[in-house]
Amino acid sequence: MQPNYVNSFPYHIHPHPRAAQIEALKGFGHAGEVQVLEADTGVGKSDIAYAYLMAHLKTGKKQGMLVAPTKASVEQYQKMFPDVMVAYGRNEHPCLYPAYEGQNLKADEIPCLMLRDCPHRVDQETGATHTPGATPCPYYQQKFEAKQSDGIVACTFAFFFFTVLFTEEFDPGAVVIDEAHRFAQSIRNVLEMSL
């Protein structure tokens, strides 16, 4: 089944799409092909991205990912499309590990992967915390919920790098990268910080 991009436009939010939006959606090729859209500011690329991902979901794909460079961009997508789930990188979440209590550390500032005994750790298969009744780690809880989503997940570049590209924890059916020209530099920044 081929995606129908025009029928997947968010008419419920924008009942009258712009001619450039319809033209872009009609120009997309078949499923499985890499699509590139370069358009001026104000054309409505967010609506086009949403339609692209929704079209793929309607063909039976489990999940679509909209990848944006910053948390602010991701929040903007969720504001425009309330049905979109969001996921941020570890640097956007506090660490709840008891030994670091009161230090206001972010999840990316501690050796999280080595803290297997953390009571707040969320099992990515079951959603249960390591210690029953403990407050779930905000990062791992969000990650678990994003994995369970069968819709669109808007995420930051950092989240995408570490959960899709580097670890293959997700297998999205379709991916849209916003601000793709910033993608390579972001990977360099992430790798530089990780070394």
- Item | Gained length - Thr59 relative to Asp83, 0.36 nm times residue gap less alpha-carbon distance | 6.8 nm
- Note on the structure: Ranking Leu165, Gln148, Ala128 by how far each Cα lies towards the positive end of the charge dipole of the range 111-165 (+1 on Lys and Arg Cβ, -1 on Asp and Glu Cβ), the top one is Leu165
- Query: How many Å² of accessible area per residue for the chain, probe 1.4 Å?
  - Reply: 56 Å²
- With every protein chain in place, the chain: carbon and sulfur % of accessible area (1.4 Å): 53 percent
- More than 18 Å apart - percent of Cα-Cα pairs taken over the range 62-103: 42 percent
- Query: On average, how much area does the Cα convex hull of the range 1-82 cover when viewed from any direction, in nm²?
  - Reply: 5.6 nm²
- Note on the structure: Sparse-neighbourhood loop hits (GluC sites (Glu not before Pro), the range 125-191; DSSP loop; Cβ within 10 Å at most 14 others) -> Glu125, Glu168, Glu169, Glu179
- Item | Listed residue pairs exceeding 21 Å between alpha carbons, taken from Lys61/Lys147; Lys26/Lys79; Lys26/Lys62; Lys62/Lys147; Lys26/Lys71 | Lys26/Lys79; Lys26/Lys62; Lys26/Lys71
- Task: With +1 on each Lys and Arg Cβ and -1 on each Asp and Glu Cβ, and nothing else charged, work out how big the dipole of the range 56-184 is about its Cα centre, in Debye to the nearest 20.
- Result: 180 debye
- Message: Using 0.36 nm times the number of residues separating Ala134 and Arg188, minus their current alpha carbon distance, what extension gain do you get?
- Response: 15.8 nm
- So what is the calculated 222 nm ellipticity per residue for the chain, using -39500 (n - 2.57) for each DSSP H run with n of 4 or more, over all residues, to the nearest 500 deg cm²/dmol? -9000 deg cm²/dmol
- Could you check the simple spin-label distance between Glu75 and Ile13, using points 7 Å along Cα→Cβ, in nm with one decimal? 1.7 nm
- Please label the shape of the range 92-180 as rounded, prolate or oblate, based on the square roots a ≥ b ≥ c of the eigenvalues of the alpha-carbon gyration tensor (a/c under 1.5 means rounded; beyond that, a/b larger than b/c means prolate, else oblate). prolate
- As straight-line cross-link partners of Lys58, the qualifying aspartates and glutamates (C-alpha separation under 20 Å, not fewer than 8 residues apart within one chain) are Glu33, Asp47, Asp83, Asp150, Asp171
- Query: If you take the charge dipole of the range 49-139 about its Cα centre, with +1 on Lys and Arg Cβ and -1 on Asp and Glu Cβ, which of Met80, Ala51, Gln63 is farthest toward its positive end?
  - Reply: Ala51
- Task: In a Gaussian network model over the chain where Cα atoms closer than 10 Å are linked, find which of Arg90, Arg121, Arg182 has the largest mean-square fluctuation.
- Result: Arg182
- Query: With Cβ to Cβ distances under 14 Å as the rule, what net charge do the other residues near Ala72 carry (K, R +1; D, E -1)?
  - Reply: -1
- Note on the structure: Taking N as the number of residues in the range 39-131, the ratio of its alpha carbon radius of gyration to 2.2 N^0.38 Å works out to 1.43
- Message: Rounded to the nearest 5, what % of DSSP beta bridges with both residues in the chain are antiparallel?
- Response: 15 percent
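The values are calculated or read from the model by the stated rules, or taken from the named source; none is laboratory data. The structure displayed is predicted, hence computed values, not measured ones. We place every Cβ from the backbone using ideal geometry, glycine too, and count neighbours over all the protein chains shown. What goes into the accessible areas is simple: the full protein's heavy atoms, side chains included, and nothing from ligands, DNA or RNA. Shrake-Rupley method; radii C 1.70, N 1.55, O 1.52, S 1.80 Å.
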